[in-house]
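Below you'll find the structure, written out as structure tokens, and then a few comments.
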């Protein structure tokens, strides 16, 4: 099951990397948001390649569905009129590039040094494994995550509501 | 060209993380910074799922943590956008260089 065709992996990786680069390099922030959706869906393809269909579905639902729409809403509510040149670099363009490339070089070097065991264990039903862990060993973090979502929702509503100016 | 191993996924995740980091550090628009953070969280998720899949496929701990990362990312982007919108309403800016009122 792990023996995916290399061509599919390279294709999906090229889409992930290319759209992620387009997110950062695009000068129009609406284009950035659209490429972000492409990147999220391609990452869901990576999960599908790994055989983890549940995470792929959650990725498409939550990231490409909810988070991207929230970001587009944010863009639409904070920008007026012309969208050109709405997504420029700040003064750290070259310094940030240097730090990023240095970090990437170190990381890739460490990955190439490390001796990674290639265990190709067969995996049963992913959803069954996830459910056993999520509602067994991790039930307290699961409930905490639910409370976190509630608190974030209330906080976002309170922050974006507009204060007491109108009252 | 042999099969695709764990290191391919790790390098893919490192590339996505680096691109997201660059976007989070070097962009002017606060929403673009949030997009960079989302890319970084995606890269972390790729790492978790790949490690779980290749190193120990009998347990689902990495998958569960990937789900928790997705939950935290969703709440983070909701609160972050609410803060950005509040700042925009007060000061009409979304440029992170202009949001420096805490600086003395």
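The values are calculated or read from the model by the stated rules, or taken from the named source; none is laboratory data. Keep in mind the model is a prediction, meaning the values are calculated, not measured. No Cβ is skipped: glycine too gets one built from the backbone with ideal geometry, and neighbour counts run over all protein chains shown.
Any residue in the range A:115-122 that is at pLDDT 90 or above and loosely packed, with under 12 Cβ neighbours inside 10 Å?
Filtering the range A:115-122 down to residues at pLDDT 90 or above leaves none.
Within the range A:115-122 (the criterion being at pLDDT 90 or above and loosely packed, with under 12 Cβ neighbours inside 10 Å), the answer is no, since none of the residues qualifies.
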Look at residue B:84 and say whether it is at pLDDT 90 or above and either crowded, with 20+ Cβ neighbours inside 10 Å or within 21 Å of residue A:142 (Cα to Cα) (or both). no
Picking from B:57, B:66, the residue that is at the interface with another protein chain (Cβ under 8 Å from one of its Cβ atoms) and under 20 Å from the mean Cα position of the chain (by Cα) would be B:66
Requested in this report: Might you check whether a residue that is surrounded by fewer than 24 Cβ atoms within 10 Å (Cβ to Cβ) and in contact with a strand residue (DSSP E or B) (Cβ under 6 Å, 6 or more places away or on another chain) occurs anywhere in the range B:30-38?
Outcome: yes
*asked:* Given the condition under 24 Å from residue B:29 (Cα atoms), modelled with pLDDT under 90 and either buried (at least 19 other Cβ atoms within 10 Å of the Cβ) or within 12 Å of the chain's Cα centre (by Cα) (or both), answer yes or no: does some residue in the range A:16-23 qualify?
replied: no
Report whether or not residue A:24 is facing chain B (nearest Cβ under 8 Å) and over 30 Å from residue B:86 (Cβ atoms). no
Answer with yes or no whether residue A:87 is in contact with a strand residue (DSSP E or B) (Cβ under 7 Å, 6 or more places away or on another chain) and touching a residue at least 24 places away in the same chain (Cβ under 8 Å). yes
Wholly inside the range A:29-86, helices (runs of 4 or more DSSP H) that include 2 or more residues that are facing chain B (nearest Cβ under 8 Å) and buried (at least 23 other Cβ atoms within 10 Å of the Cβ) are A:29-49, A:68-78
> Going by the conditions given, is residue B:44 more than 7 Å from chain A (Cβ to nearest Cβ) and either crowded, with 23+ Cβ neighbours inside 10 Å or in contact with a strand residue (DSSP E or B) (Cβ under 7 Å, 6 or more places away or on another chain) (or both)?
Replying inline: no
Going through (1) modelled with pLDDT of 90 or more; (2) under 29 Å from residue A:113 (Cβ atoms) one by one, residue B:5 fails only at (1)
